[in-house]
Amino acid sequence: MKASDLFVRALEAEGVEYIFGVPGEENLDLVESLRTSSIRILPTRHEQAAGFMAATVGRLTGRPGVCLSTLGPGATNLVTAAAYAQLGAMPMVMLTGQKPIRSSKQGAFQIVDVVDMMRPLTKYTRQIVSAATVPAKVREAFRRAAEERPGAAHLELPEDIARDDCEAPLLAASRSRRPVADRKAIACARDALAQARHPLLVIGAGANRKTSARMLRQFVDTLGIPFVTTQMGKGVVDEHHPAWLGCAALSDGDFVHRAIAAADLIVMVGHDVVEKPPFFMREGRRTVLHVNYVGAEVDSVYFPQIEVVGDIANTLWRLQEGFERPAHWDFAFFDRVRRAMDAQLGEGADDARFPMYPQRVVADIRATLGAADIACLDNGIYKIWFARNYRAAGPNTLLLDNALATMGAGLPSAMAAALVHPRRRVLAICGDGGFMMNSQELETCVRLGIDLTVVVLRDDAYGMIRWKQQEMGFADHAMALGNPDFVRYAESYGARGHRPDSAAAFAPLLAECLARPGVDLIDLPVDYADNGRILNHDLARRAAAVD
C-alpha cells in the first residue's frame, strides 16, 4: 500500500469527514488518495481560512478538524490559524507537504523548517520520515489535539515518503474516561461554599468544551448562585436565566465587575487564563475556587486558593449532591446589580437612527435568531456589544474569539458551523475590516452550496482601534478605510447582496435572508459615535451608583 493511502485510511479511522485547504504539488499523492476515500476535500481560497474552518469544526464537535496546505508559503499561511486553535483550545490537525527528504533536485526552493516553525504554536508537530510510522503519528496527533487542554497539532508528509510502499496496521483510538476530582478536594470546596456569604459563579471557556451545560444549569437552579460569564463562556447556561449577571466583555467598570467585587467566594468553572481576566486577584480579598479539567495556570492575576481538578460535570454534581443551601447566603446586592444591568441592556434596542445603533443591531439579531441558531462573530468593536447585550441561549451559539482575537475568522467560522449544523440557521457577523481579510471565501461558500447569511457592519474604519485611540486621548488618525460596493461584490461571487435604507428595514430583511437557501450578504452601515461615551464613561458611572 502506498503511504498516502495508508495516511488516508488512518484519517478515516479518526472519523474525519472534511479536509479544508489549498493543495500543492508536494501533496498530490495525498490528494489522489483522498479522491477515492470517504473524506471530502473542500478547497478554500486561502489556507488561513481553511485553518479557521478546521478549528471551528473542532470547537463545535470536540473532534479535531483537519486542514491541508503545501510546503513553504502554504504552510506559513496556516500560522495564524494554528495560533487561533492553540490559544482558543480548539482541536485541529494541520497536514502540510514537503519536498523529498532523501534527495531533491530543487535545492532549498520554497523550503522552510515548518516543523520548527509550528513548534511554539502547537501541542504536537512532527515530520513523517518513514511510511511505517504513519498510523502511530496520525493517532498521536489526533490524541494530543483533542485531549485537555485541546489545541493544534501538525504533521508534515514529505513527497517521497508519501509515495513509499508500506504495510502497517492502523491503531485504534484508546477508550478512556476523563479523571474525576479527588474526594478531599471536593470536601474542601464544599466547606468553602458553606462558609461563604456572597458566592458567585464565573463560567469560562472550558465549560463550553464538553457536556457540562446540563449539570451547570442544575447547579445554578439547585443552589441559586448568581453567575457571570467570560466571553467564551457565553451560553453554557441560558443567559435568559434570572441568575445571570452579565458577561465580562470589558476589563473593568461594568455592572459585572461590581458583582465580582462584592463576592467573597468566586467559583471559576472552566476558566482559561488565555482570556482577558474577568477580575484582578488581590491577596486576601476573597477566596477563588478553580473548577476545571486541568489545574490552574497561575499568573500574577490568577492564583486560586482551592483547586478541584477533574471532569467539570462530575465535580458540579458532587458539589451539590446533598448540599443544603446555607441560610446566611445573601444575594441582595447581586439582585440590585442585575436590575440596574437589565435596565441598561434594554436601552437603544429600538433606536431608529440610521446608520444603525449597535444596541439596535444586537437586539434585532437576537430577536430574529432562534435559541439554537448560531451567530459567528469576527473581531471588532461590535464584539463588545454582542458579548454584553446578546443573551446566548445555549452552548456555542454565539461563537466569538477572546483568545487570539484575530480578524478574518468570522466568515470561515460561520461556514464551518453551517457544515457541522446544517439544520440550524447560521449568521456571520463581520466588521468591514475583518470581512475583507477573508472575503474571498464567499466564492467557497457559494461553490459548496452552504446556506449562510453574512452581515457586514460597515463603519469604513478600524472601529475597535479607533475606539481605543479615542479612549487614550489621541487624535483620530490612520483608521479610515475605503470599501467596495459590498452588494455588487457579493453578487460577483454568485451570492445575493442587500443594503437596507433604514433601521426598521433591517430585521425583516434579515429574517427573509435566513429563511431561504443560499448565500446572502447584508451591507449594514453602523453608527459607533456613542462608543466612547457609553463604554468609557456611562457604564462605570452607572455601575458605581449601585448600592
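The values are calculated or read from the model by the stated rules, or taken from the named source; none is laboratory data. All of these numbers come straight from a predicted model, not from anything done at the bench. Here the Cβ is made from the backbone with ideal geometry for all residues, glycine too, and neighbour counts use every protein chain on show.
Residue by residue, here is whether (1) modelled with pLDDT under 95; (2) in contact with a helix residue (DSSP H, G or I) (Cβ under 6 Å, 6 or more places away or on another chain); (3) closer than 16 Å to Glu25 by Cβ holds:
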{"residue": "Thr96", "(1), (2), (3)": "no, yes, yes"}
{"residue": "Lys105", "(1), (2), (3)": "yes, no, yes"}
{"residue": "Gln110", "(1), (2), (3)": "yes, yes, yes"}
{"residue": "Met117", "(1), (2), (3)": "no, no, no"}
{"residue": "Thr125", "(1), (2), (3)": "no, yes, no"}
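Taking the range 432-476 only, how many residues are closer than 27 Å to Leu514 by Cα, in a helix (DSSP H, G or I) and more than 24 Å from the chain's Cα centre (by Cα)?
Of the residues in that region, 1 qualify.
Could you tell me whether any residue of the range 260-274 is without any contact (Cβ under 8 Å) to a residue 40 or more places away in the chain and within 20 Å of Tyr382 (Cα to Cα)?
The answer is no, given that none of the residues of the range 260-274 is without any contact (Cβ under 8 Å) to a residue 40 or more places away in the chain and within 20 Å of Tyr382 (Cα to Cα).
Would a scan of the range 517-534 turn up a residue that is within 22 Å of Leu452 (Cα to Cα), surrounded by fewer than 16 Cβ atoms within 10 Å (Cβ to Cβ), touching a residue at least 12 places away in the same chain (Cβ under 8 Å) and out of contact with any strand residue (DSSP E or B) (no Cβ under 9 Å at 6 or more places or on another chain)?
For the range 517-534, residues within 22 Å of Leu452 (Cα to Cα), surrounded by fewer than 16 Cβ atoms within 10 Å (Cβ to Cβ), touching a residue at least 12 places away in the same chain (Cβ under 8 Å) and out of contact with any strand residue (DSSP E or B) (no Cβ under 9 Å at 6 or more places or on another chain): present.
Under the condition of being charged (D, E, K, R) and surrounded by fewer than 20 Cβ atoms within 10 Å (Cβ to Cβ), which residue from the range 15-35 is nearest to the chain's Cα centre (by Cα)?
Among them, the one singled out is Glu17.
Which of (1) without any contact (Cβ under 8 Å) to a residue 24 or more places away in the chain; (2) surrounded by fewer than 17 Cβ atoms within 10 Å (Cβ to Cβ); (3) farther than 22 Å from Pro179 by Cα; (4) not hydrophobic (A, V, I, L, M, F, W, C) does Gly295 not meet, given it meets every other one?
(3)
Read through the list (1) closer than 30 Å to Pro100 by Cβ; (2) in a helix (DSSP H, G or I); (3) not aliphatic (A, V, I, L, M), then give the number of the only condition that Glu167 fails.
The one condition Glu167 does not meet is (2).
Collect the residues in the range 489-504 that are more than 28 Å from the chain's Cα centre (by Cα) and under 15 Å from Leu457 (Cα atoms), keeping them in residue-number order.
Arg499, Pro500, Asp501, Ser502, Ala503
For residues in the range 249-263 being under 19 Å from Arg197 (Cβ atoms) and touching a strand residue (DSSP E or B) at 6+ places or on another chain (Cβ under 6 Å), which is surrounded by the fewest Cβ atoms within 10 Å (Cβ to Cβ)?
Out of the qualifying residues, it is Ala263.
If you check every pair at least six apart or on different chains, which have Cβ atoms under 7 Å apart with a residue in the range 134-151 that is without any contact (Cβ under 8 Å) to a residue 40 or more places away in the chain first and a residue that is outside any helix (DSSP H, G or I) and of a type outside the set (Asp, Glu) second?
Close Cβ pairs satisfying both conditions: Ala136/Leu171; Lys137/Arg126; Lys137/Ile128; Lys137/Leu155; Glu140/Tyr124; Arg144/Lys123; Arg144/Tyr124; Arg144/Ala153.
Being surrounded by fewer than 15 Cβ atoms within 10 Å (Cβ to Cβ) and either assigned to a loop (DSSP other than H, G, I, E, B) or acidic (Asp, Glu) (or both) narrows it down to one of Arg197, Arg119, so name that one.
Just a single option satisfies the conditions, and that option is Arg197.
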